[in-house]
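So the structure is just underneath, and the comments pick up after that.
The values are calculated or read from the model by the stated rules, or taken from the named source; none is laboratory data. No experiment lies behind these values; they were computed from the predicted model shown. Cβ atoms come from the backbone with ideal geometry, glycine included; neighbour counts cover every protein chain shown.
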Amino acid sequence: MQHSQSIFPEPALNRRDWLVASVLATTATPLLTRSATADIPTAKPVIWDNHCHLSGISGETPAQRMTALLNFADRCGIQRLVVYMGWPFVHDPEPAELIRQNNQVLDAIAGHEDRVLAYAYVSGNHPQTSLQEIRRLIENGPMVGIKLWVARRCDDNAVDEIIAATTELNAAIFQHTWIKTTGNLAGESTPTDVAKLAQRHPHAKLICGHAGGNWELGIRAIRPYKNVLLGIAGCDPTVGLVEMAVRELGASRILFGSDAAGRSFSSQLAKVTGAGLSAEQQQSILGGNLRQLLTPILTAKGVPTE
């Protein structure tokens with residue numbers, strides 16, 4: 001008996017190949033559309049992370065925590081880290097605590113000087129101790145910048161002596177900023193405070209940390225001040241942050257950072273790699289801008305920048 005011919009033709013592909021072809025078909029158009037507006041990088045970018053901490057990662061000693069942090073960085077192809085602050089986080093540390101945490105960072109970077117740079121943790125509430133730490137750690141030590149957190153807002157003239165001393169050494173000045181809907185911590189700066197600081201210190205190398213959290217306002221606040229770079233570390237990998245920053249400030253004023261170990265390297269890299277940027281813009285943000293910012297002080301210290 002002859003079987004009737006099936007009304008369903010034999011597929012040209014087996015089931016597995018058909019599924020693969022379907023997936024490729026659904027993803028091909030977005031990929032082609034994106035490539036029309038952005039270069040596809042032909043080489044891996046050189047990544048320098050401007051925002052890392054020893055807090056939030058396992059390890060009983062600074063050395064153990066640094067090893068763990070570098071292991072995670074290696075997975076994401078990050079060549080250099082900038083580390084500041086020890087643990088635990090203290091909103092308004094006393095002078096002894098500032099010194100203790102800076103010593104933790106010194107212990108952490110020992111033996112990793114080719115991979116890890118550091119900023120000195122200072123406070124506007126303790127200007128004399130801060131100036132001593134700047135001399136000890138930057139002028140006469142390995143560090144290349146300062147970190148100001150939340151003890152005193154940077155629009156306060158009390159920080160001016162600290163900023164002037166750091167600027168004289170050609171070092172970077174990283175200021176944590178946030179705009180909280182529920183209200184900032186006492187002494188917590190906003191991007192507007194950084195803008196006021198930039199007016200008073202036009203030659204300072206200022207970095208506005210976290211883009212102010214509320215980045216639409218943060219980007220606009222610092223836009224007129226060319227000596228202020230935007231740090232994009234922390235917060236979720238929100239679509240639009242990097243895109244707006246490039247449009248309003250230009251790629252040359254944006255610094256990649258992760259806020260590791262409080263955030264993952266991969267989620268923070270996604271802000272840049274998913275922004276539809278050219279290969280040149282990506283390289284500037286992921287490492288080129290920070291390397292350019294720190295090259296003068298690194299060269300003075302005899303530290304290679306490659």
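Quick grid of which residues meet (1) surrounded by 17 or more Cβ atoms within 10 Å (Cβ to Cβ); (2) more than 21 Å from the chain's Cα centre (by Cα):
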position	(1), (2)
GLN64	no, yes
ASN71	no, no
ARG75	no, no
VAL82	yes, no
PRO93	yes, yes
ASP114	no, no
HIS126	yes, yes
THR129	yes, yes
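Check the stretch 193-200 and report whether any residue there is under 23 Å from the mean Cα position of the chain (by Cα) and within 30 Å of THR61 (Cα to Cα). Looking for residues that are under 23 Å from the mean Cα position of the chain (by Cα) and within 30 Å of THR61 (Cα to Cα), one finds none in the stretch 193-200, hence no. A residue that is at pLDDT 95 or above, among the aromatic types (Phe, Trp, Tyr) and over 25 Å from ILE163 (Cα atoms) occurs somewhere in the stretch 69-85. Filtering GLY231, GLY262, GLY288 for residues that are modelled with pLDDT under 95, surrounded by 15 or more Cβ atoms within 10 Å (Cβ to Cβ) and at negative phi leaves a single hit, GLY262.
Only residues that are within 20 Å of LEU230 (Cβ to Cβ) and not β-branched (Val, Ile, Thr) were counted across the stretch 135-187, and they come to 15. Of all the residues in the stretch 226-282, those that are touching a Ser or Thr at 6+ places or on another chain (Cβ under 8 Å), free of Cβ contacts under 8 Å to residues at least 60 places away in the same chain and over 25 Å from ALA43 (Cβ atoms) number 1.
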